[in-house]
Amino acid sequence: MNITDIDPQRLPRHVAVIMDGNGRWARRRGLPRSHGHAEGVNTVRRITEAASELGIGYLTLYTFSTENWNRPKEEVDALMHLIVMAIERETPDLIRNNVRLTMIGDASRLPDEARERLGRCMADTAHCTGLTLTLALSYSSRWEITRAARLFAEDVAAGRRRPEEMDNDGIFSSYLTTAAMPDPDLLIRTGGDHRISNYLLWQIAYSEIVVTDTFWPDFSREDFFKAIGDFQNRERRFGLTSDQIK
């Protein structure tokens, strides 16, 4: 599918991606898992450029989960080093393409070097007004929801909120790390697994989901456009009937 096949009037405002399959991609080629992660960085650049070219407002990538800290130390160290190198290498292109970089997740668990370099890149791109690229880094949805509940409780204890102010949407959402962005309209998972993996559980309540068997390093612009086209062919009802939508 090509970019010309996409209806620019019906784009998702926010696309979230579970970038899965780096390790399996490498294993099938007899390579260390780190090679798959390195190749996955090239896909990040490719899909970020495609999303920016389409005019999508927000792209959020599941980069490293809180559960990933339990992986072998060598792999975690290699991933952290790769993330740092990629951030610095890509910053000039992000600025050139008017892409703003942000992060959601528990930054306190990141190595100092990674946190500092990420902070510099976010500061350097803060003026950009095009696509917002968000890295979900040291992130899990259960961590985020627990954190939001704790922050609200602290505000209640301090007299800044009343318990009855809590609702199902606006108030609670304002305590999430994604408070500054709309909920994802589309969730893409590469690698073929049909699970959410503790990712944006609150925010994807009504997201359309596209799962592809393609491993993340092989995920192309055309694959991304196909997922957008699939999204545009769906009827989003948000709990209503088709007749009500019409």
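The values are calculated or read from the model by the stated rules, or taken from the named source; none is laboratory data. As the structure is a prediction and not an experimental result, all values here were calculated from the model. Here the Cβ is made from the backbone with ideal geometry for all residues, glycine too, and neighbour counts use every protein chain on show.
Listed values, structure above:
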read-out: Residue among Glu75, Glu113 that alone is exposed (fewer than 14 other Cβ atoms within 10 Å of the Cβ), out of contact with any strand residue (DSSP E or B) (no Cβ under 7 Å at 6 or more places or on another chain) and among the acidic types (Asp, Glu); value: Glu113
read-out: Residue check for Asn42: within 25 Å of His127 (Cβ to Cβ) and surrounded by fewer than 19 Cβ atoms within 10 Å (Cβ to Cβ); value: no
read-out: First in region 47-73 and among the acidic types (Asp, Glu), second anywhere and assigned to a helix (DSSP H, G or I), Cβ under 7 Å, 6 or more apart; value: Glu53/Ile3
read-out: Residue count for region 188-246, restricted to those that are part of a loop (DSSP other than H, G, I, E, B) and among the aromatic types (Phe, Trp, Tyr); value: 6
read-out: Total residues in region 114-127, condition more than 16 Å from Phe64 (Cα to Cα) and either acidic (Asp, Glu) or in contact with a His (Cβ under 9 Å, 6 or more places away or on another chain) (or both); value: 2
read-out: Qualifying positions in region 121-143 - surrounded by 12 or more Cβ atoms within 10 Å (Cβ to Cβ), over 14 Å from the mean Cα position of the chain (by Cα), in a helix (DSSP H, G or I) and of a type outside the set (A, V, I, L, M, F, W, C); value: Asp124, Thr125
read-out: Filter result (assigned to a loop (DSSP other than H, G, I, E, B), more than 20 Å from Tyr206 (Cβ to Cβ) and of a type in the set (Asp, Glu)) within region 159-176; value: none
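This table checks each residue for (1) modelled with pLDDT of 95 or more; (2) at positive phi; (3) among the aliphatic types (A, V, I, L, M).
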{"site": "Ser141", "(1), (2), (3)": "yes, no, no"}
{"site": "Phe152", "(1), (2), (3)": "yes, no, no"}
{"site": "Asp169", "(1), (2), (3)": "no, no, no"}
{"site": "Phe172", "(1), (2), (3)": "no, no, no"}
{"site": "Gly192", "(1), (2), (3)": "yes, yes, no"}
{"site": "Arg195", "(1), (2), (3)": "yes, no, no"}
